[in-house]
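Novice: To start, I am sharing the structure in question, which I have written as structure tokens.
The values are calculated or read from the model by the stated rules, or taken from the named source; none is laboratory data. These figures come from a predicted structure and were not determined experimentally. For neighbour counting, all protein chains shown are included, and Cβ atoms are generated from backbone atoms with ideal geometry for every residue, glycine included.
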Amino acid sequence: MPHFVMDCSETVFESHNEDFIIEQVHLAANSTGLFNENDIKVRLNPFQKYSVGNKREDFIHIFVYIMQGRTTEQKAKISHTVVTKLAALFPDIPNIAVNINDFEKATYCSRAML
């Protein structure tokens, strides 16, 4: 935890390779100071087929999953930091967004908890 899952048009890899993008998202997440660096997980899901506003326009959307308990301001900091980093890396991609989802402590379980 946390998980940063990036959905994107596969053409984003024409600008930067996958490893570099993963590293940059990881660095942005870590720069917020809200997570243990070793706990940050980043994954990419490139899409060949997609529609954005009923047209084929490049996009990046990161879904962030974190344990509940962070403030609205902290969540906004995560979103703003990651979008700022991605906008700098991909100035020609018009659709870049992040949203934050909370894991509920009471129902979360991982193998490490067994």
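Novice: Any idea which of 66, 78, 100 is within 13 Å of the chain's Cα centre (by Cα) and within 17 Å of residue 22 (Cα to Cα)?
Specialist: Within the list 66, 78, 100, the selection yields 78.
Novice: Inspect all residues belonging to the range 80-87 and state whether any of them is in a loop (DSSP other than H, G, I, E, B) and in contact (Cβ under 8 Å) with a residue 60 or more places away in the chain.
Specialist: no
Novice: To continue, here is another question. If residue 90 meets every condition in (1) farther than 30 Å from residue 56 by Cα; (2) of a type outside the set (A, V, I, L, M); (3) surrounded by 12 or more Cβ atoms within 10 Å (Cβ to Cβ) apart from one, which number is that one?
Specialist: (1)
Novice: Looking only at the range 16-61, count every residue that is within 16 Å of the chain's Cα centre (by Cα), farther than 17 Å from residue 98 by Cα and of a type in the set (Ser, Thr, Tyr) and tell me the total.
Specialist: Number of matching residues: 0.
Novice: Inspect the range 33-46 for any residue being in a helix (DSSP H, G or I) and free of Cβ contacts under 8 Å to residues at least 24 places away in the same chain and give the result as yes or no.
Specialist: Yes: one or more hits.
Novice: Surrounded by 12 or more Cβ atoms within 10 Å (Cβ to Cβ) and closer than 13 Å to residue 97 by Cβ: is that true of residue 13 in this structure?
Specialist: The answer is no for residue 13.
Novice: Which members of the range 47-79 meet the condition of being in a strand (DSSP E or B) and of a type in the set (Phe, Trp, Tyr)?
Specialist: 47, 59, 63, 65 - these are the residues of the range 47-79 that are in a strand (DSSP E or B) and of a type in the set (Phe, Trp, Tyr).
Novice: Being of a type outside the set (Phe, Trp, Tyr) and modelled with pLDDT under 95 narrows it down to one of 83, 64, 52, 98, so name that one.
Specialist: On the way: 83 fails: modelled with pLDDT under 95; 64 fails: modelled with pLDDT under 95; 98 fails: modelled with pLDDT under 95.
When all the criteria are applied, what remains is 52.
Novice: Going by the structure shown, is residue 43 among the basic types (Lys, Arg), out of contact with any Gly (no Cβ under 8 Å at 6 or more places or on another chain) and either modelled with pLDDT under 95 or closer than 18 Å to residue 94 by Cα (or both)? Steps first, answer last, please.
Specialist: Values: among the basic types (Lys, Arg): yes; out of contact with any Gly (no Cβ under 8 Å at 6 or more places or on another chain): yes; either modelled with pLDDT under 95 or closer than 18 Å to residue 94 by Cα (or both): no.
No.
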